[in-house]
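Colleague: One structure, pasted below without further comment.
The values are calculated or read from the model by the stated rules, or taken from the named source; none is laboratory data. Note that the structure is a prediction, hence the values are computed from the model and not measured. With ideal geometry, Cβ positions are generated from the backbone for all residues, glycine too; neighbour counts draw on all protein chains shown.
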Amino acid sequence: SILKKIIKGIPKAELHLHIEGSFEPELMFEIANRNAIALDYDSIESLKKAYKFNNLQEFLDIYYIGAQVLLHEQDFYDLTWAYLQKVHSENVVHVEIFFDPQTHTDRGVPFEVVINGIHKALENAEEKLNMSYKLIMSYLRHLSEEAAFETLEASLPFKHWIDGVGLDSSELGNPPSKFINVFKASADHGYKLVAHAGEEGPSDYIWEALDLLKVVRLDHGNRCLEDDALVQRLLDENIPLTLCPLSNLELKVIQKMEDHPVAKMLEKGILATIHSDDPAYFGGYMNENYYQTAKALDLDKNQLQQMAMNAFEASWLSAEAKEKHI
Ligand code: ES4
Ligand code: ZN
């Protein structure tokens, strides 16, 4: 279709992607086999059938199970390289991706095994695919702040490879305020700060992410529209929101794509962008997210280009590097 061609033709930046959420069932079974780990599902089909979620937690429960087959540096390399090749084919030229160290270190996989594999794949994409990248280490918010501090410590030998820290996992009941100290310490080590907020959680959590954690960008932020003063704050400080339409639909944050808030946000002048979150679980990578959103909200070419430009503006690329991509 014309719409699909337009979307593919736009050079894009992905700013909200959990690398563990790009784990396709085929690769998951391949790695499970070579690591002699039994998955709870006996086939790719039965695994895919389990991908029906009523909320964020139901998704997370399966996402953490899938990640358990990742043991060796090669596994993390293969996971990351598969994702990078896939999005390269969609004309994604820049990525800022999350990884969840605690999902692996809590199983006894050393931090360095995880980051070595991911980093090598990112370097390979830069060299072979001409892509640029940033890497963001995400703290799991269902765990304690003390556990996040241990992760911060473990990251320090690799801090030249890590651009920022984020906050993900179960939002309700785990407000940003739980992580004030570790975010402050992370900033002191030179990390940039982002956090998931306002996906399932209320607009209060978005205020907390801004005022208490001092994030420079918000992941999701869907529920900001409930609060006019908050919208004004996002406008005044030009805070980017990284939205994930297919994720929102699959996790029942919205009931149908026509309800997605991104069009209203763009209308208000918010620096809103769209991304894929966990594409192996939510049924689509970047172009599918653009496509489904454009169709449901009747976005035109200018609006799609605006969203893509917003992502470069919201990215952590230098002004010169941005110019090269757009
Ligand atoms: C996530 Cl969609 C989503 N929300 C919060 N945390 C996450 N980790 C991976 N995907
Ligand atoms: Zn996310």
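Colleague: Looking at GLU24, is it of a type outside the set (A, V, I, L, M), in contact with a helix residue (DSSP H, G or I) (Cβ under 7 Å, 6 or more places away or on another chain) and within 16 Å of ligand 2 (Cβ to nearest atom)? Walk me through how you get there before you give the answer.
Modeller: Details: of a type outside the set (A, V, I, L, M): yes; in contact with a helix residue (DSSP H, G or I) (Cβ under 7 Å, 6 or more places away or on another chain): yes; within 16 Å of ligand 2 (Cβ to nearest atom): no.
Considered against the rule, which asks whether it is of a type outside the set (A, V, I, L, M), in contact with a helix residue (DSSP H, G or I) (Cβ under 7 Å, 6 or more places away or on another chain) and within 16 Å of ligand 2 (Cβ to nearest atom), GLU24 comes out as no.
Colleague: What residue, among those in segment 105-145 that are out of contact with any helix residue (DSSP H, G or I) (no Cβ under 8 Å at 6 or more places or on another chain) and of a type in the set (A, V, I, L, M), is farthest from HIS160 (Cα to Cα)?
Modeller: My answer is VAL109.
Colleague: Kindly indicate whether LEU241 is at pLDDT 95 or above, touching a Gly at 6+ places or on another chain (Cβ under 6 Å) and either more than 20 Å from PRO25 (Cβ to Cβ) or more than 11 Å from ligand 1 (Cβ to nearest atom) (or both). Before the answer, list the steps.
Modeller: Numbers: at pLDDT 95 or above: yes; touching a Gly at 6+ places or on another chain (Cβ under 6 Å): yes; either more than 20 Å from PRO25 (Cβ to Cβ) or more than 11 Å from ligand 1 (Cβ to nearest atom) (or both): yes.
Yes.
Colleague: Give all pairs with beta carbons closer than 8 Å in which a residue from segment 202-225 that is among the polar types (S, T, N, Q) meets a residue that is outside any loop (DSSP other than H, G, I, E, B) and within 15 Å of ligand 1 (Cβ to nearest atom); count only pairs at least 6 apart in sequence or on separate chains.
Modeller: What qualifies is SER203/ARG223; ASN222/LEU243; ASN222/ASN248.
Colleague: Only residues in segment 228-244 that are among the hydroxyl-bearing types (Ser, Thr, Tyr) count as the first member; pair them with residues that are assigned to a loop (DSSP other than H, G, I, E, B), Cβ under 7 angstrom, at least 6 apart or cross-chain, and list the lot.
Modeller: Short answer, once both residue conditions are applied: THR242/LEU15; THR242/HIS16; THR242/HIS275.
Colleague: Do you know which of the residues in segment 171-229 that are closer than 19 Å to THR151 by Cβ and among the polar types (S, T, N, Q) is farthest from ligand 2 (Cβ to nearest atom)?
Modeller: ASN181
Colleague: While we're here: Residues in segment 152-160: is at least one of a type in the set (Gly, Ala, Ser) and either closer than 23 Å to ILE7 by Cα or assigned to a strand (DSSP E or B) (or both)?
Modeller: no
Colleague: Could I ask something else about it? Any idea which of ILE206, ILE254 is in contact with a Leu (Cβ under 8 Å, 6 or more places away or on another chain) and either surrounded by fewer than 20 Cβ atoms within 10 Å (Cβ to Cβ) or modelled with pLDDT of 95 or more (or both)?
Modeller: ILE206
Colleague: Restricting attention to segment 218-238, report how many residues are among the basic types (Lys, Arg) and within 15 Å of ligand 1 (Cβ to nearest atom).
Modeller: 1
Colleague: Kindly indicate which of ASN54, ASN33 is surrounded by fewer than 16 Cβ atoms within 10 Å (Cβ to Cβ) and touching a residue at least 24 places away in the same chain (Cβ under 8 Å).
Modeller: Answer to the selection: ASN54.
Colleague: Would you check if there is a residue in segment 267-276 being free of Cβ contacts under 8 Å to residues at least 40 places away in the same chain, surrounded by fewer than 20 Cβ atoms within 10 Å (Cβ to Cβ), farther than 20 Å from SER132 by Cα and out of contact with any helix residue (DSSP H, G or I) (no Cβ under 7 Å at 6 or more places or on another chain)?
Modeller: Scanning segment 267-276, I find at least one residue that is free of Cβ contacts under 8 Å to residues at least 40 places away in the same chain, surrounded by fewer than 20 Cβ atoms within 10 Å (Cβ to Cβ), farther than 20 Å from SER132 by Cα and out of contact with any helix residue (DSSP H, G or I) (no Cβ under 7 Å at 6 or more places or on another chain), so the answer is yes.
Colleague: Only one of these conditions is not met by GLY190: (1) part of a helix (DSSP H, G or I); (2) away from ligand 1 (no atom under 16 Å from the Cβ). Which number is it?
Modeller: Against the list (1) part of a helix (DSSP H, G or I); (2) away from ligand 1 (no atom under 16 Å from the Cβ), GLY190 comes up short only on (1).
Colleague: Please go through segment 131-146 and pick out each residue that is away from ligand 1 (no atom under 16 Å from the Cβ) and either of a type in the set (A, V, I, L, M, F, W, C) or assigned to a helix (DSSP H, G or I) (or both).
Modeller: Once the filter is applied, which keeps residues that are away from ligand 1 (no atom under 16 Å from the Cβ) and either of a type in the set (A, V, I, L, M, F, W, C) or assigned to a helix (DSSP H, G or I) (or both), segment 131-146 yields MET131, GLU145, GLU146.
Colleague: Right, something else. Return the residues of segment 1-18 that are away from ligand 1 (no atom under 16 Å from the Cβ), touching a strand residue (DSSP E or B) at 6+ places or on another chain (Cβ under 7 Å) and in a loop (DSSP other than H, G, I, E, B); say none if nothing qualifies.
Modeller: PRO11
Colleague: Six or more apart or on different chains, Cβ atoms under 7 Å: show the pairs whose first residue is in segment 169-189 and charged (D, E, K, R) and whose second is more than 16 Å from ligand 2 (Cβ to nearest atom) and assigned to a helix (DSSP H, G or I).
Modeller: LYS178/GLU145
Colleague: Now, a different point. Restricting attention to helices (runs of 4 or more DSSP H) lying wholly within segment 32-102, give those where 3 or more residues are closer than 14 Å to ILE19 by Cα.
Modeller: Ranges flagged: 56-67, 73-88.
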